[in-house]
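Heads up: the structure comes next, in structure tokens.
The values are calculated or read from the model by the stated rules, or taken from the named source; none is laboratory data. Values in this document were obtained by computation on a predicted structure and should not be read as measured data. Here the Cβ positions follow ideal geometry from the backbone for every residue, glycine too, while neighbour counts run over all protein chains shown.
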Amino acid sequence: MKPRTTALLSHLLLGCSLALAAVAASAQPLYHGGAPALVPVQHASSSVRPPPPPLRHEARPKARRGQVWVTGQWSWKGPRAGYVWVPGHWVRAPRR
């Protein structure tokens, strides 16, 4: 690395370290001794999402130039629809 880049990175790291130390020092603990503090917890919903079904076996097609095969997967569509299978598909390969 160039000396200037190294100096900038070290200043950035020092600044982030000082900011993190200031935040950690100003944080108030939830428990001060004696009885533990009760913190109310709000739940988004009363139901728990079930695990997805097992993956489906898909035959992997032959390779295509400039594209990558993304295997199929289950997608959560909400409590009414549940899981929906999204079949595998081709996407453009990332540039290097």
Over the range 61-85, the set of residues under 18 Å from Arg49 (Cα atoms) and surrounded by 13 or more Cβ atoms within 10 Å (Cβ to Cβ) is Gln73, Trp74, Gly82, Tyr83, Trp85
If a residue has to be over 30 Å from Arg95 (Cα atoms), loosely packed, with under 10 Cβ neighbours inside 10 Å and at pLDDT 90 or above to count, how many in the range 42-60 make the cut?
2
Can you tell which of Val39, Val91, Val84, Val23 is modelled with pLDDT under 80 and either part of a strand (DSSP E or B) or in contact with a Leu (Cβ under 7 Å, 6 or more places away or on another chain) (or both)?
Val39
